[in-house]
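The values are calculated or read from the model by the stated rules, or taken from the named source; none is laboratory data. Just so we're clear, the structure is a prediction, and the values are computed from it rather than from any experiment. When we count neighbours, we look across all protein chains shown, and the Cβ atoms used for this are built from the backbone with ideal geometry, even at glycine. Only protein heavy atoms, including side chains, enter the accessible area calculation; ligands, DNA and RNA are left aside. Shrake-Rupley method; radii C 1.70, N 1.55, O 1.52, S 1.80 Å.
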Amino acid sequence: MGGTGIVWLRKNLRLHDNPSFKLACEKCDVVIPLCVLDDLLVHPSFSSPVKTAFYLESVVCLQEELRAIHSDLLLLRGSPVDLLASLSKQLQASVYTEFDAEPELRRWHKLLARAIQPSGEQLHLCIGNSMYDLERLLSRLPSGRAPARQSEFMKLVSTLGLPEKPVDTLTSKDLPSLDKDIAKDIMQMREFVPEACPAALDLPDEYTEAWEMPRRHWQGGEVVGLAKLASFVGDTDALARFNKAASSPATDDGRPSTSGLSPYLAIGCLSVRTIVAEVTGILSSLVGPHHGLHCGNSVLGQLFLREFFLCLGASERKLDTCVKGTNSLIELDVTWDGPADPKDLTYTWVSQRGCAYKCPEQSNVREEGDSLEASPASGTAIMDVEGGKQEQYDMSEDQLVMRWMEGKTGFPLIDAAMRQLNKEGWVHHSLRFLCAAFLNRGGLFKSWVIGARAFARMLTDCDWALNNSNWMCVSGTSSIVGAVPTRDPTEFARSGGYAAYIRKHVPELRNLDEAYIYSPWLAPDHVQEAAAVRIGEYGHDQTVYPTPMVDINERAANALKQFQNASRFGELHGRSKRKAESLVETEWQEWVSHAQRLCEKAQLLKKRKESTGRILGEACTCFERAWMTMGVSSPETVPSSLTGGAFDVLQGWACALRERGQSLLNESPPPQVSRRGLCQFGRLCLAKDYFKKARDKFDAVSCLPEVCAGGQCQLNRNRCLIDEAKVLRCMKRFSLFTERVSRSMCEEGATAATLLEHAVASLRDIMSRSGDKKGDAQFLLASALALLMRSDECREELTELVERHPHQRKVVAAEDSFQPFRHLDWFQDVVQDE
Ligand SMILES: Cc1cc2nc3c(=O)[nH]c(=O)nc-3n(C[C@H](O)[C@H](O)[C@H](O)COP(=O)(O)OP(=O)(O)OC[C@H]3O[C@@H](n4cnc5c(N)ncnc54)[C@H](O)[C@@H]3O)c2cc1C
C-alpha cells in the first residue's frame, strides 16, 4: 500500500460493488474521488435536460455519501484525458476506473494510459458494468469476436457459471479521508465545478427547469437505486412471476411495470452483480436453484440479454454503423431515406423551444454552443456564423426526424411515447420499439443510427452498446436477434387500449373519446370543438394537434419494397439470405395480421348492416401485399417453409374477395393464381401437415375448395405412394364438379334441396366414371355443402333440411361455425340413403 490514487467516477457512481474504487482504496494511502463532467455526459448535444438532471442528481448523491464517510467527490468540467493526465503527473497518482466498451471511452482510456505511463503511473481498468470480464471472455474464443446470437453467447456463459459475488460496500474504514491540500489545489483549478447543477455548468435554462422539476419515478442516485432494487426484489411473488413480454407500458400510476432499474444500471448507481446476487438468492429460495436462470422474459433473462449486448459492444467497434462492411454486423444493405449518419443532418437535436443544436463534431460549427434557430413550420434553420452573419439551412429533409423527436408526428401513441421520453427520459421497451420502428422501418425509413443518436441523448439509461444493439435489432438488418415485425401505430394503440396513456402524455387530446383518440384526424369539427382540440397542419400554432405527417400505408409499402430489394441483393450474398428471408417473413406476417383485423372489422360492420366495401378492399390490398412480399410467383412455387403463411394469405384473401363478389381465381395480374396451382398447393399444405390443422381452424373449404381438393386427394393416399396422375385426375374431376354446382347456384330459384340434389348427382356421376374410393366422395360432398353454404338463402333452407335428417344433432351442435369436414359421416349416410 502506498501512493496516491485518483478514482475516476464516471459511470460507476456508487459505493457498493465498486471494484475500481475498492482497488484504489486497497493500493493507495491517498485516494481522490473525482468526477469529470465531460461533453458526452453534459453537453446539450449529447444529453437532454432530464438525462443531465438524472446524472447530476446521482453525482450529488454520491458526493453526499462520500462526505458522510469523511471524503468527498471533486468535480471538474472538461476533457477527461487532459485533466486526468495533468493531475496524475502533478500528484504522481495512478488512475482507477471502470472498463467501458464505448469506442470514445476506449480511445480516452488508451490516450490516458499512454499519457501517464512515462511518469510511471498506471491506468487501472476494472470490471464493474458487466457481470463478466467480457474482454477476457472474448480473448478465449478462436475468432476473438462475440458470438453473433444470444443462444451461442448463453452457451459460452453457461461454462462460466454465475458471475462473481459483488465486492463489499465501501465504508469509512476502507476509505482514507481526502487529502485537504490536494483537494484545495483541485478546487482552484479553472475547470473545478463547485456544485453539480445545470447553472454551475452554464447549461441552457431548460436544464435548470428540468433539474428543479420533481421527478416522481426517476430520481437519480445510488440511495434511490438501492431502495428501488430492495422494493423490486422485496415483492417476491412479482419477482418470480416477472414476465417482460406480458408487462405493459401503460400502468395507471405511471410507474414502470418492469423493474425500472435501467437508468441506475446505466450510470452505475446500481451494480449488475448486486442485482443478480439478490435476484438469484431470492429465486433459489422460492423455486429452487433451477429457476430458468439465463433466458427469456425473466429478470435474469433480461440481464443476460444486456450482457450479450455488452459483449457485442466489447467485440464490435462498429456497432453504431448501419453500413455493411468489414467488422460490421450489418448483413442487409438498405438505402435509408436521407443521410445515413447523424453528422450529415442539418441539426442534431431541437430543444422544446425550437432551438436546434449541432454536435461539436459537425464541421461547420465554429464552437461548441453555437446554435441554430430552427423554424419547424418553414423547415428552415438560421445559424449565426462568423462575422456577425447568418446562414440559412434547409431542414426539410430532417423535419420528419425532428417532429418524431418532439412527439409531433400526428400519430397519438408515437407522440405520447416520444413526449414521455423527452419528459422522463425513460419509456417502456415495447414503446421504444414502436417509436424506433416508426422512424426506421415501417414509417419514415430513416437510418436507425440517426434514431439511436436521438435516443442516446434522451434516455437516462442510455448505454452505447445496449442502445445501438437494440436499434440494430429494430432495423432488422442484422441477425443478432430474430427480426421483429413492425406495427401500425394506430392499430397498436387501439388494440392495446392506450387511450389513458395518450391522454396523459398528449394533453391536447385528453377530451377525445375512444372513437377518435387513436385517429384524431378523423374527428369531425363538432367533435373537435366539444373536445377543445384543433387538428390541422403542423406549424407554428402549438395549440393545433397535427394531422399524420406521413401516409403510413404508403410509407410501409415503400419500406417493404426497399427491404425486398435489399433482400434480393442479400440473396446474392450467401450469408444474408437467411436474414433476408426472415425479414420478408415478418413483413408479410404484419400485412396478414393487418388484413385479418380489417376483415374482423368488416364482419362487425356487416352485422350492423353498414357498408363493408371499402374496408374489404383495403383488406384485399393487404393480402395482396402479403402475397407479393412472400416473393412467391404462384401457389405452385410456394417454398415449403412458407406453406402455413401462404395458406393464411390465400384463404383470407379468398374470403375477402368472396365477400365482395369476386374470386381469387379471376384476379389478375398478380398473383397468377391458377386452379391447378391451388390444388397443388393443397397437397403441399397437407404434406406439411398444415392443412389438417388448418381445416379445423378455418372454413377452408368454402374459400379455397381447390386447395382442399388437392389436400384431400393427398390425404386419401397418405398411406400409399403419391400417385401424381391420380391426384391430377381427381382435381380435374373436382373442378368439373364445383363448376357444375356453382352453375346450379346461379340458376334462378335454385333451392338448397335442388342444389344438394345436383351435388349428389354430380358426385355419383364422377364416382361411377372414376370408380374412385369413398374418401374422395366424402370430400367432394363436404365441398358441395360448403359451396351451397355460400348462398345465404340456401344456408337457411339447408339447415332446415339437415335438421330433418336423423343425424341432425351433429349439425345443430356445429351451428355457429359451420365446418363441413365435421359432417362427413352425415354425408356418407346421405349417399347411402340415396
Ligand atoms: C430502440 C431501443 C433502444 C434501447 N436502448 C437502451 C439503452 O440505451 N439502455 C438500456 O439499458 N436499454 C435499452 N433498451 C432496452 C430496454 O428497453 C430497456 O433496457 C428496458 O426498457 C429498461 O427498463 P427496465 O429496467 O424496467 O427493464 P426490465 O425489463 O426490468 O429488465 C431488467 C434489466 O435488463 C436489461 N434489459 C432489459 N431489456 C433489455 C434489452 N432489450 N437490451 C438490453 N438490456 C435490456 C436492462 O438493464 C434492464 O434494466 C432499448 C430498447 C430499444 C427498443
For region 463-472, how many residues meet the condition of being over 16 Å from the mean Cα position of the chain (by Cα) and either within 18 Å of C322 (Cβ to Cβ) or more than 8 Å from the ligand (Cβ to nearest atom) (or both)?
2
Region 524-544 - residue that is open to solvent by less than 80 Å² (accessible area, probe 1.4 Å) and among the β-branched types (V, I, T) and, of those, farthest from L400 (Cα to Cα):
V527
Taking M187 as meeting all but one of (1) open to solvent by 50 Å² or more (accessible area, probe 1.4 Å); (2) at pLDDT below 95; (3) out of contact with any Asp or Glu (no Cβ under 8 Å at 6 or more places or on another chain), write down the number of the exception.
(2)
Quick test for you: out of R503, R494, pick the one residue that is part of a helix (DSSP H, G or I), under 24 Å from Q589 (Cα atoms) and open to solvent by 30 Å² or more (accessible area, probe 1.4 Å).
R494
Examine region 392-403 for a residue that is modelled with pLDDT of 85 or more and open to solvent by less than 10 Å² (accessible area, probe 1.4 Å), and state whether such a residue exists.
no
Tell me, yes or no, whether region 479-489 has at least one residue that is within 14 Å of the ligand (Cβ to nearest atom), surrounded by fewer than 24 Cβ atoms within 10 Å (Cβ to Cβ) and assigned to a helix (DSSP H, G or I).
no
I'd like to verify a number: residues in region 421-459 that are more than 9 Å from the ligand (Cβ to nearest atom), closer than 17 Å to S47 by Cβ and in a loop (DSSP other than H, G, I, E, B), how many?
1
Residue among V272, V276 that is open to solvent by less than 20 Å² (accessible area, probe 1.4 Å), more than 10 Å from the ligand (Cβ to nearest atom) and either in contact (Cβ under 8 Å) with a residue 12 or more places away in the chain or touching a strand residue (DSSP E or B) at 6+ places or on another chain (Cβ under 9 Å) (or both)
V276
Number of the exception - L265 against (1) among the aliphatic types (A, V, I, L, M); (2) open to solvent by 20 Å² or more (accessible area, probe 1.4 Å); (3) under 28 Å from the mean Cα position of the chain (by Cα)
(2)
Here's a check for you: in region 133-150, which residue that is surrounded by fewer than 12 Cβ atoms within 10 Å (Cβ to Cβ) and small (G, A, S) is modelled with the lowest pLDDT?
S143
Exactly one of S257, S285, S248 is within 9 Å of the ligand (Cβ to nearest atom), surrounded by fewer than 22 Cβ atoms within 10 Å (Cβ to Cβ) and not acidic (D, E), and that residue is S257
Do we find a residue being in a helix (DSSP H, G or I) and under 18 Å from the mean Cα position of the chain (by Cα) anywhere in region 506-523?
no
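Surrounded by fewer than 20 Cβ atoms within 10 Å (Cβ to Cβ) and at pLDDT 85 or above, is that true of E406?
yes
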Residues satisfying the stated conditions in region 421-437, i.e. open to solvent by 10 Å² or more (accessible area, probe 1.4 Å) and over 28 Å from W591 (Cβ atoms)
N422, K423, E424, W426
I'd like the full set of residues that are surrounded by 24 or more Cβ atoms within 10 Å (Cβ to Cβ), over 10 Å from W404 (Cβ atoms) and among the hydrophobic types (A, V, I, L, M, F, W, C), limited to region 438-454.
W448, A452
Which of the residues belonging to region 214-223 are open to solvent by 50 Å² or more (accessible area, probe 1.4 Å) and either assigned to a helix (DSSP H, G or I) or touching a residue at least 24 places away in the same chain (Cβ under 8 Å) (or both)?
R216, Q219, V223
Could you list, in sequence order, the residues of region 16-44 that are among the aliphatic types (A, V, I, L, M) and open to solvent by 10 Å² or more (accessible area, probe 1.4 Å)?
L23, V30, L40, L41
Pick from region 233-245 the residues that are within 11 Å of the ligand (Cβ to nearest atom) and assigned to a loop (DSSP other than H, G, I, E, B): which of them is surrounded by the fewest Cβ atoms within 10 Å (Cβ to Cβ)?
N243
